[in-house]
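A short write-up of the structure that comes next.
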Amino acid sequence: MTGGADPAIELSVVVPMFNEAEALPALVSRLRPVLDGLGAPYELVAVDDGSTDGTGELLAAFRLGWPELRVIGLRRNSGHQAALTAGLDRAAGAYVVSLDADLQDPPEKIPEMLALARAEGLDIVYGIRADRASDSGFKRWTAGLYYRLVRRLAGPSVPAQAGDFRLLSRAAVEALKALPDQQRVYRLLVPWLGFPSGRVTYERAPRTAGRSKYPLGRMVRLAVDSVTGFSAAPLRLATWLGGFAFLVCLGLMVYTLSAHVLDHTVPGWTSLFTGVLFIGAVQLICVGLLGEYVARIYTAIQNRPTYFVGHDTAEQAEETAPRR
């Protein structure tokens, strides 16, 4: 079973994991009662993103007593969005919920999401972080800056304070799978689809165990992928910077000629030196912005898979099942 809907499964819950052995027992103790209480067939799709701390072995142990647990092991660490893609590609439920393993997003909200989608015929239900008091001040500030930036560039359809905790219908999942994007940022791709959507709010809790998998470097990379993947505004910014630099250069030329006529060439050294530095900085910024877009084009031309599946317990079960 590599993907596609299974009429026997109502809900799939996709959980990307990378070195989450410390958080896994708490996740299972909270998530399983919620899913068992739904009264509907479900599967938990745990995507082991190349963990090295025993996460895979712990998942195998939990699976012995939890037949609904499906483990997909990636051959190497491919990143959070790639692991999420692997889970979405292979999830079989009529509805699919994505959830992180750190329990900052409460699994107890899943029944509310599912009920809202059924009652109002929605294809997307976002989990909105109404309270982020558990995050550090720096984290809240950078997150607010990120959402203001992407909403300005990608449009107001991007809900503020919505991460990767969301419910998708089968139609929305199939639409995402049909997109050619390789460097995916789902918090922008999903709103772009334009499917009917709703929201549930919750208080963001502290991480239950382990360390954050989104340090500053990865947050910056996510912001760059978000901006360059959904807007050509940086290229236009480079054009405006070039125009401004041209005006500054023109002014310096006038100043230089005037200084030469008045025989005041030595005093103009400071302004000339500053102008050269400014022009050089603008050029480097423009080249860097162009490089980001060229890199995306290069990646698209290569068309390499974003992940490789090492094993999928659902496929292994099908292979070992007795044939009739």
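The values are calculated or read from the model by the stated rules, or taken from the named source; none is laboratory data. For clarity, every value in this text was computed on a predicted model and none was experimentally measured. Here the Cβ is made from the backbone with ideal geometry for all residues, glycine too, and neighbour counts use every protein chain on show. Surface areas here come from the heavy atoms of the whole protein model, side chains and all, with no ligands, DNA or RNA. Shrake-Rupley method; radii C 1.70, N 1.55, O 1.52, S 1.80 Å.
Some notes on this structure:
- ³J(HN,Hα) computed for each position of region 114-130 - Karplus, 6.51 cos²θ - 1.76 cosθ + 1.60, integer Hz, glycine/proline x: 5, 5, 5, 4, 5, 5, 10, x, 8, 9, 9, 10, 8, x, 9, 7, 6
- Sites W141 and A178, calculated FRET efficiency, Cβ-Cβ separation with R0 56 Å, nearest 0.05: 0.95
- Of the solvent-accessible surface of region 78-130, computed with a 1.4 Å probe over protein heavy atoms with every protein chain present, carbon and sulfur atoms account for 50 percent.
- Stretched out straight at 0.36 nm per residue, the stretch from A60 to I297 would grow longer than its current Cα-Cα span by 81.4 nm.
- 1.4 Å probe accessible area per residue over region 1-115, in Å²: 35
- Taking packing as the residue-averaged number of other Cβ atoms within 10 angstrom, the listed peptides 59-65, 42-48, 69-75 run from highest to lowest as 42-48, 69-75, 59-65.
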